[in-house]
1. Give me 260, 281 ranked fewest to most by other Cβ atoms within 10 Å of their Cβ, as a rough exposure proxy.
2. If R0 is 30 Å, what FRET efficiency do you get for residue 241 and residue 204 from their C-beta distance, rounded to 0.05?
3. Express as a percent, rounded to the nearest 5, the fraction of DSSP beta bridges in segment 1-151 (both residues included) that run antiparallel.
4. Using only the alpha carbons of segment 1-151, determine the length spanned along each of the three principal axes and report them from longest to shortest in whole angstroms.
5. Between residue 176 and residue 93, with labels modelled 7 Å along Cα→Cβ, what's the label distance in nm to one decimal, could you check?
6. Kindly work out what percent of the DSSP beta bridges joining two residues of the chain are antiparallel, to the nearest 5.
7. List residues of segment 1-35, by number, whose backbone nitrogen lies under 12 Å from a label position 7 Å along Cα→C-beta of residue 121.
8. Starting with the highest mean, order 83-94, 8-19 by the number of other Cβ atoms within 10 Å, averaged over the residues of each peptide.
């Protein structure tokens with residue numbers, strides 16, 4: 001589904017372990033693989049300078065990805081001093097990246113708003129999807145488990161859908177991706193969570209029936225790409241709780257989502273669905289940023 005992957009690591013997220021699994025990533029359909037590490041500037045008498053020693057150390061740590069040279073996959077290292085976000089955006093353009101892999105810690109909403117994070121800033125500036133993995137999971141995988149995870153990054157994707165403009169845009173972008181690739185996920189799992197408590201003016205049974213019909217229409221569209229789509233699933237309750245429960249029961253590799261553009265002032269008090277999903281999900285998350293206007 002994705003062919004050009006940029007893996008960004010700060011060496012505390014565990015993603016640097018993936019240098020030993022280049023063949024496994026190639027088996028998932030990756031044709032170009034770029035490892036990126038940003039080295040902070042060193043200071044000498046208050047003047048920032050490039051830390052050549054740490055750059056060399058980082059290149060040595062990531063160097064295993066370059067050996068041996070494998071047919072069918074092109075591997076690069078990007079190690080330099082600079083702001084991580086700026087380096088990532090530059091690498092995306094230079095290598096025609098179509099997916100960025102990052103790790104993110106579990107942070108509170110307050111911590112994200114007060115101190116910011118590379119992931120949050122990236123999500124606001126990117127035009128290509130971002131895949132987010134929990135470092136805690138990477139740290140616990142054995143080599144055998146990590147090999148399997150790399151081979152099955154996109155094996156089964158859960159797509160939460162609720163009829164919004166953002167949901168419809170996500171389906172369109174997924175459809176485009178599936179039409180452009182010869183290596184598609186084994187299956188997609190579509191889930192609609194009806195929040196009955198918010199629509200007391202409409203009977204719950206009616207809402208569930210409408211959701212079922214709409215979701216089946218979406219599934220039919222995605223099946224035209226040749227991908228297998230599970231029987232659609234409609235749940236009732238809290239969207240975050242039910243989506244995470246669906247992910248567990250459907251045996252998925254990752255959850256695919258997006259968000260709509262909202263007034264930034266609202267973000268201080270009303271977290272979006274994707275924000276809350278990022279904080280609470282232990283499943284990998286593939287985030288399609290809203291298209292730039």
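1. Neighbour counts put them in this order, fewest first: 260, 281.
2. Calculated transfer efficiency: 0.95.
3. Values: 3 of 23 bridges.
The answer is about 15 percent antiparallel.
4. 47, 36, 30
5. Each label point is offset 7 Å from its Cα along the Cβ direction, giving 1.9 nm.
6. About 15 percent, rounded to the nearest 5.
7. none
8. Values: 83-94: 16.7, 8-19: 19.3.
Packing order, densest peptide first, comes out as 8-19, 83-94.
Each reported figure results from applying straightforward, stated rules to the coordinates on display, with no laboratory input. Note that the structure is a prediction, hence the values are computed from the model and not measured. Methodologically, a virtual Cβ is constructed for each residue, glycine included, from the backbone with ideal geometry; neighbour enumeration extends over all protein chains shown.
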